[in-house]
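S.K.: Structure incoming, see below.
The values are calculated or read from the model by the stated rules, or taken from the named source; none is laboratory data. These numbers were taken from a predicted model, which means no experiment stands behind them. As a convention, Cβ positions derive from the backbone with ideal geometry for all residues, glycine included, and neighbour counts pool all protein chains shown.
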Amino acid sequence: MALSEKCDTTSNYIGQIEMGRRIPSFEKIEKIAAALEIPSYELFAYEATEIKPEKKPKTGDYLQKMPQNIKKEIISNLLAVINNDVKASFDPKSYEKHNKPTAGKLDR
């Protein structure tokens, strides 16, 4: 005998419960548990061991797999940006340009 017949319902309704499209009443939960010959609370048991979290790759993993020419290009670009910032930090005109007081701020 099918579960739906034991619960006095349709197989379509049972399928909708399984897919999360319907929420059964307490009475229906009791009927389903009785038909399965289990306590009703077991219908709500969840075992976390069934679902394993996906391992996310670390930055080091990407770098190890990255082609050497791409690594060199990234390093070259980073060094150019750092070099420009260092040079600008020693240039008084650049300092004044980036550190002008803005309207509404008090000089201290």
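S.K.: With respect to residue 15, determine if the residue is of a type outside the set (D, E, K, R) and surrounded by 11 or more Cβ atoms within 10 Å (Cβ to Cβ). So that I can check it myself, show each step before the final result.
M.R.: Numbers: of a type outside the set (D, E, K, R): yes; surrounded by 11 or more Cβ atoms within 10 Å (Cβ to Cβ): yes.
Against the criterion (of a type outside the set (D, E, K, R) and surrounded by 11 or more Cβ atoms within 10 Å (Cβ to Cβ)), residue 15 qualifies.
S.K.: Still on this structure: Could you tell me which numbered condition residue 42 fails, if it satisfies all but one of (1) in contact with a Leu (Cβ under 9 Å, 6 or more places away or on another chain); (2) modelled with pLDDT of 90 or more; (3) exposed (fewer than 10 other Cβ atoms within 10 Å of the Cβ)?
M.R.: So residue 42 meets the others, but not (2).
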